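Data first, discussion second: the structure below is written as structure tokens.
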Amino acid sequence: SRTSPPPPPPSAVSGGTSYESSSNPNSAAPPSPSAPIRVGSAAGWELVVSPGDHVVHRKYGVGVLARSFHKIPPPTRAEKSGQAQRLQREIDRARAAGLPPPPTPEPASPTLGTEDRPGDPRAQLTLEIQYSDGLLHVPASKAYRLSRFRPGSTGPAPRLSKMGGGAWEKKKEKVRQGAHEIAEEVLALYATRDRLRRPPFSDRLSPLVANFSATFPYPPTPDQARCFAAVEQDMVYRTRPMDRLICGDVGFGKTEVAFRALYRCVAAGRQAALLAPTTVLAGQHYKNLAQRMEPFGVRVAMLRGRVASKYRGRLGGREQVKEGSADGTVDIVVGTHALLSKDMAFKDLGLLVVDEEQRFGVKQKERLKM
């Protein structure tokens, strides 16, 4: 049967289906409706999405991947020009021969005979994106304009964007301005911290730290030993505020590096805080810290929303933990985002440990640094 290509993409999108043209065919077999779709390039870029996933298009914003199929793309400008020239030559020959001109072909439906044609060399894999005011067809060769939607935290599904109008451009401009403001604030913060000086922790605490370190039931790895020495160098022999990132896979001993730094801070008579992204992780840290620290007289409390924590032999609620932090009767506070609340205060905070810091926002982390 005869297959006619769909019409060229409209200049303005107001609804219905929009098309992005491409000249690179991809005649691979179509994936199943529920299987993940993998597209990429020779340069190493790759996108893996499944139907129902939220994606972001550079031009149109947040949408939902509805499906994928094989589709013959609209003709390019050169192809349309060649078709028009051939038609005009046929008309000229018919007039010269005294014959009626050939009929002008009618434009075909945008989808009739063009979808699900993996055997056609012109067909290529196409992603169909659902927006609030219509559908967008993105060929695989243009999929670099898409990216997965990554929410900052768990919550309701994002609102779908409109392809028509300027709402998405306004939103992007607002984000750009916000990013510039945050960058200026962070730059000013680090310029201020670079000029700050603090009294270093006393090197006479080394025997106490050694006694605490002896409670660690495993021999330290060479990487751990280097981290112990680097953190001690920052805390004891430097007067600038410490900013140190400890990287490592799960189970490689990052927590022990943090625990020894926390104990050194408390042994010097100052307070410390440990910030964790989830309640489960905060509870694990609190339990381990209490077991390790309380035999040395360190008072540990946990703050996670309205959940109480066992503190000094009794149940202390949220307000009791905050009061203890403010008056100095709590040495170490372990908590989630509740530590970032505006009414949270410390009498003399000397060290902040942020576990999985990539899961916190820039403003959240920099606020505590000040």
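Within the stretch 324-352, residues that are among the β-branched types (Val, Ile, Thr) reach partners that are assigned to a strand (DSSP E or B) and open to solvent by 20 Å² or more (accessible area, probe 1.4 Å) with beta carbons closer than 7 Å, at six or more positions or on different chains, in the pairs Thr336/Arg304. With respect to (1) loosely packed, with under 15 Cβ neighbours inside 10 Å; (2) modelled with pLDDT under 90, the lone exception for Ala338 is condition (1).
Just checking: which of the helices (runs of 4 or more DSSP H) contained wholly in the stretch 205-296 hold 3 or more residues that are farther than 30 Å from Asp194 by Cβ and of a type in the set (Lys, Arg)?
none
Filtering the stretch 187-201 to residues that are in contact with a helix residue (DSSP H, G or I) (Cβ under 8 Å, 6 or more places away or on another chain) and open to solvent by 50 Å² or more (accessible area, probe 1.4 Å) leaves only Pro200. Pro200 falls short on exactly one of the conditions (1) assigned to a helix (DSSP H, G or I); (2) free of Cβ contacts under 8 Å to residues at least 40 places away in the same chain, and that condition is (1). With the structure loaded, tell me whether Glu128 is surrounded by 16 or more Cβ atoms within 10 Å (Cβ to Cβ), charged (D, E, K, R) and modelled with pLDDT of 85 or more or whether it fails that test. Yes, satisfied.
When restricted to residues that are open to solvent by 50 Å² or more (accessible area, probe 1.4 Å), under 19 Å from His285 (Cα atoms) and touching a residue at least 24 places away in the same chain (Cβ under 8 Å), the stretch 205-217 contains 1.
Against the numbered list (1) modelled with pLDDT under 90; (2) assigned to a helix (DSSP H, G or I), Asp343 comes up short only at (2). One residue stands out in the stretch 230-277 among those that are open to solvent by 30 Å² or more (accessible area, probe 1.4 Å) and β-branched (Val, Ile, Thr): the one that is nearest to Glu294 (Cα to Cα), namely Thr255.
Of the residues contained in the stretch 166-186, one or more are found to be in contact with a strand residue (DSSP E or B) (Cβ under 8 Å, 6 or more places away or on another chain), open to solvent by less than 60 Å² (accessible area, probe 1.4 Å) and farther than 30 Å from Cys265 by Cα.
The values are calculated or read from the model by the stated rules, or taken from the named source; none is laboratory data. Since the structure is predicted, the reported quantities are computational estimates derived from the model, not experimental observations. Neighbour counts run over all protein chains shown; Cβ positions are idealised from the backbone, glycine included. These accessible areas exclude ligands, DNA and RNA; they are computed on the full protein's heavy atoms, side chains included. Shrake-Rupley method; radii C 1.70, N 1.55, O 1.52, S 1.80 Å.
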